[in-house]
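The structure appears right after this line, and notes come after that.
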Amino acid sequence: DTACKNRPLDLVFIIDSSRSVRPEEFEKVKIFLSKMIDTLDVGEKTTRVAVMNYASTVKVEFPLRTYFDKASMKEAVSHIEPLSAGTMTGLAIQTAMDEVFTEEMGTRPASFNIPKVVIVVTDGRPQDQVQDVAASARTAGIEIYAVGVDRADMQSLRIMASEPLDEHVFYVETYGVIEKLTSKFRETFCAANVCALGTHDCEQVCVSNGGSYLCDCYEGYTLNPDKRTCSAVDMCAPGRHECDQICVSNNGSYVCECYEGYTLNPDKKTCSAMDVCAPGRHDCAQVCLSNDGSYSCGCFEGYTLNPDKKTCSAVDMCAPGRHDCEQVCVRDDLFYTCDCYEGYTLNPDKKTCSRAITSTLVTTEESCKCEAIAALQDSVTSRLEALSTK
């Protein structure tokens, strides 16, 4: 008898039947389910099994309370039809929590200490937000195994699965070889060892070692001298991270960040200077000047930067020292022109001035008048001088 005799489970299979899964491939999944059922010690008081089918929608093919014998389960599996649409993996896991892992649907009470286990089988990338849903399921005590086939997105599988990931994430190249996983799951669920029975005292990871066990820690933790408990290592210590600029320690792991004025690249490690002068990124009134990830404000010609270093005011172009006019500066909006005092004329350079030239030509009549006046002035002067001598 190859059936598991050692570990009762409340086990839910969640199988992907989206458009990318061809009909003949879906048949391979059903064969895998049947062979898995064969390895389990199925029964009302041992392992209970439910099957969920999902694509854009989710269908509970049968809950945990329906069948307690292998023949009935396998018969029900043989009649499952694909749904052929999208890949709403998050919705499927949420439905498992809301509608399958309930006492009304056959899940045994928490006081029974029966492990709640989900096996997700998919060949694609989730089209919804699976990370938060999977985290909620794990927090609720549900152990998640993620099985990827062919084009499955490995990052999504790792996001879904429980820790340690190397024991909960599986991948096969095609549906044709998915049956190979049957023995792996049988070993996982049926191993009669201290780690499987839960009688060890490891804080994080129990590693079977013959008839005994060893303790280990999750990535980002190190085993303490007591060989049982774990402590978080400083993942941001030099040489431990791959961050280009800033490493932020995060509970045994780390995330990368960038200095102000830089943005994190899609690789989540390196940083690139962002265009801080792009529209909407700065508060300069007129001119934004980029400066190695930061910026300063400037103004158009004819304006000066105000004390707030953001806004600008028009300058007086005719203020002393701002123009090159020799005599008169005439302001014209943001520009100016030069002019001259009365009696001067503007030179061709439009800046300097020269005295104006007046005409010296007089008429004959004016000349005679001038001579008569001069003669009279001389006569008067002579008469005055004579009187003054007497």
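Worth a mention:
- Residue that is farthest from the chain's Cα centre (by Cα) [pool: residues in the range 266-295 that are among the acidic types (Asp, Glu) and within 18 Å of ASP244 (Cα to Cα)]: ASP292
- Output for the range 102-135, where each listed residue is charged (D, E, K, R) and in contact with a helix residue (DSSP H, G or I) (Cβ under 7 Å, 6 or more places away or on another chain): ARG125, ASP128
- Looking across the range 277-335, the residues that are free of Cβ contacts under 8 Å to residues at least 12 places away in the same chain, part of a loop (DSSP other than H, G, I, E, B) and hydrophobic (A, V, I, L, M, F, W, C) come down to ALA278, ALA319.
- The residue that is nearest to SER162 (Cα to Cα), among those in the range 202-240 that are open to solvent by 80 Å² or more (accessible area, probe 1.4 Å) and touching a residue at least 24 places away in the same chain (Cβ under 8 Å), is GLU219.
- If you go through the range 337-370 and keep only what is hydroxyl-bearing (Ser, Thr, Tyr) and modelled with pLDDT under 85, you end up with THR358, SER359, THR360, THR363, THR364, SER367.
- Residues that are open to solvent by 50 Å² or more (accessible area, probe 1.4 Å) and in contact with a strand residue (DSSP E or B) (Cβ under 7 Å, 6 or more places away or on another chain) within the range 90-130 comprise LEU91, GLU99, listed in sequence order.
- Against the numbered list (1) modelled with pLDDT of 90 or more; (2) open to solvent by 70 Å² or more (accessible area, probe 1.4 Å); (3) of a type in the set (Val, Ile, Thr), THR270 comes up short only at (2).
- Any hit, the range 117-126, residues being within 28 Å of ARG19 (Cα to Cα), at pLDDT below 90 and over 26 Å from the mean Cα position of the chain (by Cα): no
- Scope the range 249-267; condition under 28 Å from CYS202 (Cα atoms) and open to solvent by 40 Å² or more (accessible area, probe 1.4 Å); matching residues: SER249, ASN250, ASN251, SER253, TYR254, VAL255
- Pairs where the first residue, in the range 166-191, is within 15 Å of ILE31 (Cα to Cα) and of a type in the set (Lys, Arg) and the second is open to solvent by less than 40 Å² (accessible area, probe 1.4 Å) and at pLDDT 85 or above, C-beta under 7 Å, 6+ apart: LYS180/VAL172
The values are calculated or read from the model by the stated rules, or taken from the named source; none is laboratory data. Not measured: the values here are computed from a predicted model. Quick reminder, even Gly has a Cβ in these numbers, built from the backbone with ideal geometry, and neighbours come from all protein chains shown. Note: accessible area is taken over every heavy atom of the protein model, side chains too, but ligands, DNA and RNA are not part of it. Shrake-Rupley method; radii C 1.70, N 1.55, O 1.52, S 1.80 Å.
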